[in-house]
1. What distance in nm separates the two pseudo spin-label positions at residue 245 and residue 84, each 7 Å out from Cα along the beta-carbon direction?
2. Please give the Cα centre distance for segment 307-329 versus segment 230-280, rounded to the nearest Å.
3. Taking the mean number of other Cβ atoms within 10 Å as a proxy for protection, how do you rank 227-235, 491-499 from highest to lowest?
4. Only counting other Cβ atoms within 10 Å, I'd like 166, 407 sorted with the fewest neighbours first.
5. Please rank 53, 308, 183, fewest neighbouring Cβ atoms within 10 Å first, as an exposure proxy.
6. Mind ranking 506-513, 285-292 by how tightly packed they are, going by the mean number of other C-beta atoms within 10 angstrom, highest first?
7. What's the center-to-center distance, using Cα atoms, between segment 450-469 and segment 147-178 in Å?
8. How would 451, 68 line up from fewest to most surrounding beta-carbon atoms within 10 angstrom?
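None of the figures in this text is laboratory data; all of them are computed from the coordinates on show. No experiment lies behind these values; they were computed from the predicted model shown. Here Cβ is always computed from backbone atoms with ideal geometry, including for glycine, and neighbour counts include all displayed protein chains.
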């Protein structure tokens with residue numbers, strides 16, 4: 001019996017192909033000896049009768065198809081009515097909760113978004129598991145098949161019920177029954193990898209490679225995890241093997257390029273990235289190709305790669321910034337300045353409110369202590385954030401707030417994580433809880449207002465942000481509050497490029513009121529206003545003084561732009577390179593590559609699709 005997929009020969013009793021594990025649906029083979037074919041010839045055959053019979057059959061099929069379509073349309077209409085009824089009920093429940101002040105609209109939206117995200121993740125896991133289920137079952141050859149099948153059914157039902165953790169526990173029990181089941185090892189490894197549990201994922205992928213040494217996903221995933229763990233030799237060996245076995249797959253080339261770049265072998269990295277973009281022209285790959293070329297001093301190939309990256313993804317701010325540096329090295333100052341302006345418009349970076357919160361933590365009335373349980377959750381959140389798992393960090397902070405209540409430091413730390421992840425709508429509700437707290441100190445209320453203004457700025461709501469600033473001026477009585485309010489409003493007016501005289505006056509007032517520890521912020525705002533007024537000498541002076549007090553990416557970038565506009569190209573080049581080094585997550589090249597690989601769900605999906 002031959003397999004209809006790979007043509008491998010199988011025994012007549014086999015249900016699944018011994019080679020590719022597909023179900024044997026079509027049987028084929030030579031006619032047995034002595035077996036004669038029947039003679040179906042009919043001397044009285046009539047073509048007209050045959051055609052009439054076939055037409056009658058087709059009419060019956062068409063009639064049944066029409067009935068099926070009508071049934072499906074009826075079911076769809078009932079489903080639509082049911083959805084409308086459910087939506088009306090949920091909307092009524094929301095209105096009642098808001099009227100009773102039991103729930104805010106923002107809280108409702110946040111919880112809804114989180115639940116949708118969890119359900120979509122469960123749906124993705126379910127679909128992936130269903131696609132692999134038959135192959136997992138076919139591979140089992142042990143003596144406890146009924147138990148194995150029961151665990152697989154239990155996992156499938158859990159995934160259908162959006163119970164991911166339950167489903168994975170059932171699969172782990174099944175895996176203990178069949179350690180050679182490489183399809184089950186693959187599914188578990190992928191599940192752990194996407195959840196950021198890299199050690200558990202690596203153990204499953206290593207087991208997969210013990211059984212199937214040349215498995216595409218096993219080689220790639222294990223290589224990526226080894227690279228993340230700093231085991232470059234192991235990563236290079238696995239990824240090189242993947243490139244040799246799968247020369248037409250994008251991800252092995254992309255991942256191996258990361259390893260070579262991390263070891264300083266940029267020439268080999270560029271060769272692999274050039275092949276990768278031929279296979280799949282992703283903007284992330286073009287960005288990394290441009291970055292490697294820039295590090296090698298090959299400006300023209302770098303410019304071409306980065307231009308292609310921003311063409312494919314016009315929101316890729318990093319590509320604009322690096323493109324500006326390339327233009328600057330080519331002495332194309334006008335193009336360089338335009339690229340930096342484009343990067344700034346995509347992300348008007350916030351001022352360093354982490355520094356502000358740290359400053360506040362040692363000022364004024366002492367904050368209440370954080371309990372041990374909440375402290376453990378905060379540590380967990382900070383570790384997740386450092387590993388790039390922002391959603392997990394948010395969940396840990398929420399659990400800490402549930403444990404500790406509206407602790408002011410926890411609320412502000414949570415708001416800063418939301419600011420970093422771009423969850424501006426959530427920042428509103430969090431900062432409002434601080435502002436509504438009658439026991440919160442003026443410094444804390446000021447910090448909450450400043451964080452809210454930064455979130456509104458990120459959304460482009462400069463006028464609404466200045467409304468918050470004016471309210472802070474009315475309610476605050478300290479120099480600290482006045483300084484923060486004035487430099488925030490000055491910065492927003494400068495971004496809008498209107499009322500620049502008023503913006504200049506606000507920035508000066510902010511500097512007059514600023515405590516010594518915070519002078520870097522109003523100086524940065526004052527310098528940016530001077531830049532917008534095309535007063536480049538004054539801008540350079542203020543921004544330089546600000547960076548001396550506390551350098552950060554935003555101020556250094558503004559200083560570089562001011563130097564470039566004034567004609568000081570060489571100094572501008574140095575300052576902008578320093579600004580790029582200060583950007584969050586932009587340390588060594590290999591670290592940035594790994595971050596992109598982990599964050600890009602599109603790349604990970606393509607890994608499975610191209611195996």
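1. Result: 5.5 nm between the two label points.
2. Here the two parts' Cα centres lie 23 Å apart.
3. Details: 227-235: 16.2, 491-499: 19.4.
Put in order of decreasing packing, that is 491-499, 227-235.
4. Ranking 166, 407 by Cβ neighbours within 10 Å, fewest first, gives 166, 407.
5. Neighbour counts put them in this order, fewest first: 53, 308, 183.
6. 285-292, 506-513
7. One Cα centre to the other: 48 Å.
8. 68, 451
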